[in-house]
Amino acid sequence: MTRNIVIIDYGSGNLRSAQKALQKATKNLDLPLEIIVSNQPEVINKAERIILPGVGAFADCYEGLFSIANIGEILEQRVKCDGVPFLGICVGMQLMADAGLEKGNHKGLGWIKGEVKPIKPNDKNLKIPHMGWNTLNSNQTHELLKNIPSGKDGLHAYFVHSYHMEVENESDLIASSDYGGQITAMVGKDNIVGTQFHPEKSQKLGIILLENFLRWKP
Amino acid sequence: MTLKTRIIPCLDVMNGRVVKGVNFVDLVDAGDPVEAAIAYDKAGADELCFLDITATHEDRDTIFDIVERTAEHCFMPLTVGGGVRTIEDIRKLLLCGADKVAINSAAVKDPNFINRAADKFGNQCIVVSVDARKTENSEKNKWEIYTHGGRKASGIDALEFAKNMQKRGAGELLVTSMDRDGTKIGFDLELTRTISDAVKIPVIASGGVGNLEHLVEGVKQGHASAVLAASIFHFGTFSIAQAKQYIEKSGIAMRQD
């Protein structure tokens, strides 16, 4: 029986790239996995792992996600109760916070204590959005960062965002980047993890991270 | 340790083919945009840009297929421009696998389009193409916005236009000097710097690159966050790796993954 990895489709941006990158990682690992893009509750319910992408504004993404019937209950059951490995990407990661302060104050999933706030680099010459390639600093060891060199001479991840998650508990911050101060790059606890950067667009680093996610046994 | 300066090769595509072709030794078909994209991905380009210069509406669908096939092989950021006029155009390109769209004529004709596009898809994927030409006989440096691939003057001041586009939600500006485009004598550094210093969003310098020093100038003197070039890479004059090494030697941090 093939096992399903589901990318939740709620009309947000670039799902094709995420699907293709995960297929590439699957192929590299020679795993019998099918990468499905879906908004069907019965498909999400059977997923072995769940990926929540997200491009656009926080509130729009939250609304889009919750336009899927019963998605709140499904995620609660699958991710919080059954412990299915969950990866949020970009705004999909930001949605895991308690609240997002982009264009108002909006409720999030509340899985990671913290708020999504504007990036405020201490160097006024730095451009916003934080757009392009940056290296990662590892704040905690994590299975998803295995075989990914971090620090000044490490591999690069592709970022494009103006807001980032400020976590309440330091232990939830897995990795960060430097952009006139610390930028949250990756958060996680238990079976949930999220990246502010786009692994599906981060060439070498991205594919290694996705391979790690597919093998991750939290 | 901060963001690295990006090198963006740009492929002009007409009716599904790369204009003039890409002269890499290992390419089977120099005119195939997907093959060229894969080669640039392997070569370490930081982003790719497709500019669709197809003249007729009927042939526009070819770009969707190209973007789709490119996204199957290249796990890197992809910007697509040319003929982006409606919210539906943007949605289609993003669904095919583009990350950003570059908008030119439609933004000049209807600036509100940028508000709508940014609200819908987020500022991060809306790049506005600022195609500018220096105004003759003006005392101070002034540039005018052109549309339709640089053929039509708009009467709009480039600096005002750039600031307006930022306000409306553009996430990045692709600043092309129409005076320098194709000349190989270097970017219009004053234009690039004037705009870059006046906006908070990143600026990509474009138009006129003939050698690697020009790329360095674009960053150091033009204050650009990224540099875009076409012919010096397509014709194999320099490789992406050579460009990165050269720029890095001048003291600018580059990604060498």
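General remarks:
- The phi torsions of region B:64-72, fed into the Karplus equation with coefficients 6.51, -1.76 and 1.60 and a -60° offset, translate into couplings of 5, 5, 5, 4, 4, 5, 5, 5, 6 Hz, rounded to whole numbers, with Gly and Pro shown as x.
- Taking every residue in B:242-255 and counting other chain Cβ atoms within 10 Å of its Cβ, the average works out to 1.
- Residue-normalised convex hull volume from the C-alpha trace of region A:151-218: 99 Å³ per residue.
- Exceeding the 22 Å Cα-Cα cut-off - candidates A:K103/A:K204; A:K80/A:K107; B:K120/B:K152; A:K120/B:K92; A:K117/A:K204; B:K184/B:K244: A:K103/A:K204; B:K120/B:K152; A:K120/B:K92; A:K117/A:K204
- Chain A shape via C-alpha gyration tensor axes, a/c threshold 1.5: oblate
- Over chain B, relative contact order from alpha-carbon pairs under 8 Å, at least 6 apart, %: 18
- Mean separation of Cα contacts under 8 Å, 6 or more apart, over the residue count of region B:1-133: relative contact order %: 19
- Other protein chain Cβ atoms within 10 Å, averaged over every residue that makes up B:202-211: 1
- Ligands, DNA and RNA aside, B:D157 has an accessible area near 40 Å² when probed at 1.4 Å.
- Radius 14 Å from Cβ of A:I5, net charge of other residues (Lys, Arg +1; Asp, Glu -1): +3
- Near B:V216, once Lys and Arg are set to +1 and Asp and Glu to -1 for all other residues with Cβ below 11 Å from its Cβ, the sum equals -1.
- The mean count of C-beta atoms from other chains within 10 Å of the C-beta of residues in B:2-12, rounded to a whole number, is 3.
- Mean accessible surface per residue for chain B, computed with a 1.4 Å probe while every protein chain stays in place, in Å²: 41
- Note that region A:152-157 has calculated 3J(HN,Hα) couplings of 3, 9, x, 6, 10, 10 Hz, one per residue in order, obtained from phi through the Karplus relation 6.51 cos²θ - 1.76 cosθ + 1.60 (θ = phi - 60°); glycine and proline are x.
- Charged side chains reduced to their Cβ positions (Lys and Arg at +1, Asp and Glu at -1) give the protein assembly as shown a dipole of some 500 debye around its Cα centre.
- Largest mean-square fluctuation among A:N70, A:N134, A:N125, in a Gaussian network model of chain A whose springs join Cα atoms under 10 Å apart, belongs to A:N125.
- Between A:A69, B:I201, A:W111, the Cα set farthest toward the positive side of the dipole of the protein assembly as shown (charges on each charged residue's Cβ, about the Cα centre) is that of B:I201.
- Between amide H atoms placed 1.01 Å from N, distances below 5 Å from B:E47 occur with B:I7, all of them 5 or more places distant or on a separate chain.
- Only Cα pairs under 8 Å and 6+ residues apart enter the sum, and on that basis the relative contact order of chain A stands at 21 percent.
- Each Lys or Arg adds one and each Asp or Glu takes one away; over the other residues whose Cβ falls under 11 Å from the Cβ of A:Y62, this sums to -2.
- When a 1.4 Å probe is rolled over the protein heavy atoms, the share of accessible surface on chain A that falls to carbon and sulfur comes to 46 percent.
The values are calculated or read from the model by the stated rules, or taken from the named source; none is laboratory data. Here the structure is a predicted model, which means the values were calculated and not measured. Note that we place each Cβ from the backbone using ideal geometry, even for glycine, and neighbour counts take in every protein chain shown. Side chains included, ligands, DNA and RNA excluded: accessible areas come from the protein's heavy atoms. Shrake-Rupley method; radii C 1.70, N 1.55, O 1.52, S 1.80 Å.
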